[in-house]
Amino acid sequence: MQAYRGVELHFGDAIRSALVSIASHKMRSLLTTIGIVIGVMAVVTMFSSVYALKSVITKNMEGMGWNYSILITNGNPDADIDYQRAAVQAQRRARQMPRQLDLTDYQELKDKLSYKGIYGMTETSSLQRIGNEDNYISLKATENYFFKSKSYDISQGRLFSVVESVQGHPVAIVGYKFAEKYYPGKDILGETLIMGDHRFRVIGILGSDKLNSENGMHFNPWERDRELQAVYVPLQYGANRFTAGRQVPMIYLQAEDEASLAALKTHARQILLSRRNMYPSFQFMDIGSMMLQITAEIDSQMKKWNITLIAIASISLIVGGIGLFSTLLISIQERMTEIGIRKSIGASDSDIFFYFIFEALSLAFVGAVLGIMIAWVILSLIGSALKFPLYLPLPGVLVGMFFSLVIGFISGLYPAIKAAGIDPIKAIYYLD
């Protein structure tokens, strides 16, 4: 315990001495840290810009509902899977017609699979006479998870209730662009829409597209614009009224994470095959795998850019380290008498060593803090000017701080060793 307290006092005294020395030479300390400040500011700004760009891309992909997603549609079996040979498939085709995906298939998947989200989709169109124009209105039947996965928020009204979804009530949610285009200046919430043979009571209106706002990346704007001009009704209603045989031609599945994506797809295939006597009258579009490949490629490119940009920005940090190294060497001559007195009253070589090392680390730390603060201001100003969300992520702060302390330690190592090895008698009587 006594030894531990001795070490604690030893380091504490070294830190205090370093801070006193920095405070007593304010201008020199400030000039010394300028190089560190510029270097850290450059490293953090570069790292944070790339990191923010990657985060925005990932967030927008998630907002589009593309991550870890599978789309099941009617059609031929997957090209990459050989369930039977061609002859066996021909015999089965002769025995039975392929059964299309329907509401019972969807319900079976919904009940038996483990997933983050699921929704079915069937759609049709209705020719409507609005004003003096004929317009084709897109009618889409789906469930509430569609709006969540696509990041569409309700600006007025509400989503489908459980009863409306299960019983297929004739209610509708419309996109705000539908309301603005066909009913300008009119509040249609609660009104009845007549579309061909269908009559719907409007219970909700979707708000503006957050992903394609001024701060967004404008992913797939054409499709999202079309979706915000559509009318949405419960899936149960659409399957019963839009199609023959209660068909649900598109089923979207979303896994919890990358690790469970393959298992989810396999389980979904097993369920559907068991309901079709092992005949694969459906196909998978593995959107999640495609998105993961794109994300992996983006990550790879971002890492390369990070390495390149940080290497360029680190030049400023190295220059700052050279300035710190020069300042500490010069300060040895200025403090020669101080070093001699410290040694004569009992300071060991290690005390002097740590005194200079902690001064170097303290200067590097102060420079890093100032550099990070300036980087934060710069990123905020650039983000505001470009209307692009730039922020200071923790990894960027840690990278800047780490590089600064490493440069500070390396820069102070030789001056600390040199100062520790000075003869106390010569130091006391040193005259410059």
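Odds and ends about this structure:
- Here segment 383-394 is the region considered, the condition is being loosely packed, with under 12 Cβ neighbours inside 10 Å and assigned to a helix (DSSP H, G or I), and the residue that is modelled with the lowest pLDDT is 386.
- Checking each residue in segment 303-330 for being free of Cβ contacts under 8 Å to residues at least 12 places away in the same chain and either surrounded by 19 or more Cβ atoms within 10 Å (Cβ to Cβ) or of a type in the set (S, T, N, Q) (or both) picks out 308, 326.
- Flag if residue 312 is more than 19 Å from residue 398 (Cβ to Cβ) and at pLDDT 80 or above: no
- Restricting attention to segment 400-420 and to residues that are in contact (Cβ under 8 Å) with a residue 60 or more places away in the chain and surrounded by fewer than 21 Cβ atoms within 10 Å (Cβ to Cβ), the residue that is farthest from residue 33 (Cα to Cα) turns out to be 420.
- Residue 248 passes every criterion in (1) surrounded by fewer than 19 Cβ atoms within 10 Å (Cβ to Cβ); (2) under 30 Å from residue 195 (Cα atoms); (3) touching a Leu at 6+ places or on another chain (Cβ under 8 Å); (4) not aromatic (Phe, Trp, Tyr) apart from (1).
- For segment 142-185, filtering for residues that are modelled with pLDDT under 90, in a helix (DSSP H, G or I) and among the polar types (S, T, N, Q) leaves 1.
- Matching residues, segment 212-227, being modelled with pLDDT of 70 or more and of a type outside the set (Phe, Trp, Tyr): 221, 223, 224, 225, 226, 227
The values are calculated or read from the model by the stated rules, or taken from the named source; none is laboratory data. The structure displayed is predicted, hence computed values, not measured ones. With ideal geometry, Cβ positions are generated from the backbone for all residues, glycine too; neighbour counts draw on all protein chains shown.
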